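Notes follow the structure.
Taken together, the values in this text are just the output of simple stated rules run on the coordinates, not laboratory data. Just so it is clear, the structure is predicted and the values come from calculations on it, not from any experiment. Glycine gets a Cβ as well: all are built from the backbone with ideal geometry, and neighbour counts include every protein chain shown.
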Amino acid sequence: MRAARCTEYGPPSGISVVDLDDPSPGPGEVLVRVHAAAVNYPDVLIAANRYQVSAPLPFTPGSEFAGVITALGPDVSGYTVGSPVAGAVLSGAFAEQVVAPVAALRPVPDGLDMVHAAAFHVTYSTAYHALVTVGGAAAGEWAAVLGAAGGVGTATVDVAKRLGLRVIAAASSMDRLAIAHKLGADAGIDYVREDLKTRIRELTGGEGAHLAIDPVGGDHAEAALRALRRGGRFVTVGFADGRIPRIPLNIVLLKDIVVRGFEARTIRRYDPTATAAAERELAKMVRDGMRPLVSHVHPLADVAAALTDVAERRTTGKIVLEMGAR
């Protein structure tokens, strides 16, 4: 099979496409013929060995995929050969075949093709959990979404609007804000040219946002925190900026702010009830017409360039690798 391969930790330019032996599933695992795999920022971090968990060298990068089951390992139940599935793993998705544990799989939601199925689960489940499970979002509240044109950002804007929230999208240019507005954002802030804290407070009538979702980190995190109203909630879901912000606890104390984090990798294990609820609600939203924003589809051969675009934050929505493309 053809697969991307990382033989030393570093930038995406060091990743190449090679021929590898076909894998075989072990106990509790299935073999999936991958149709499409989405590119996520953690894939960049894993390739550079800067993620919370290391992937031993050499390895095939890629965490999010959609395809069809072609073989079952021992002790597998609930799936059959030929079932279309989507899944998430630490690594291995940027290949024509991937072995995955059954627990990492879920059926492809009705209405999604393979490209959109590959781009859906990680960002949309992150968005839902950040807003609802962790953030306690309620219809009518003001939610500020940082990095609103990226993969998690566009998903968060989309889900928030479908939940009845009033959304302030924050991004680094007017062109990127236009994408958030197409998804229904009520207002936008270009945080390169405008003061984020001041504008959030102005847009919310001086009170501040109820909730801030931050997949970016860096300098804007503190401004978003300071723009929350008393009792507001700040949810961190990642650090696409590359810099982990320092939160001033005096602001948390004085304004009775709740600061929480959401980490997608472990949610299924430590909160299966919330996971099931999120999957039900997201499946309903898909049936109602929700689709992830896929800005580019590339062949597997372009994996290094696709990862570089994500690393340098040149993308909007999601980038997907299609295994059958040339």
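Geometric descriptor of the range 123-265, per residue, is 92 Å³ (volume of the convex hull of the Cα atoms). If R0 is 25 Å, the Cβ-Cβ spacing of ASN49 and ILE247 corresponds to a FRET efficiency of close to 0.45. For a paramagnetic label modelled on LYS255 (point 7 Å from Cα along Cα→Cβ), amide N atoms under 18 Å away belong, within the range 133-152, to 135-138, 141-147. Ordered by the count of other Cβ atoms within 10 Å of each Cβ, fewest first, PHE239, PHE65, PHE262, PHE120 give PHE239, PHE262, PHE120, PHE65. Could you please state, rounded to a whole Å, how far the C-alpha centre of the range 258-294 is from the C-alpha centre of the range 123-150? Using only Cα atoms to place each centre, the spacing works out to 11 Å. In this structure the amide hydrogen of GLY232, modeled in the peptide plane, comes within under 5 Å of the amide hydrogens of VAL258, none closer than 5 places in sequence on its chain. Phi angles of the range 299-314 translate, via the Karplus equation with coefficients 6.51, -1.76, 1.60 and θ = phi - 60°, into HN-Hα couplings of x, 4, 4, 8, 4, 5, 5, 5, 5, 5, 4, 5, 4, 9, 6, 9 Hz per residue; Gly and Pro are given as x. Per-residue 3J(HN,Hα) values for the range 183-189, derived from phi via the Karplus relation 6.51 cos²θ - 1.76 cosθ + 1.60 with θ = phi - 60°, read 8, x, 3, 7, 7, x, 10 Hz in sequence order (x marks Gly and Pro). Backbone geometry of the range 57-63 corresponds, through the Karplus equation with coefficients 6.51, -1.76 and 1.60 at θ = phi - 60°, to 3J(HN,Hα) couplings of 6, x, 8, 9, x, x, 10 Hz, x marking Gly and Pro. Diffusion coefficient (Stokes-Einstein, Kirkwood radius over C-alpha pairs, 4 °C, 1.567 mPa s) for the range 59-118: 110 µm²/s, rounded to a whole number.
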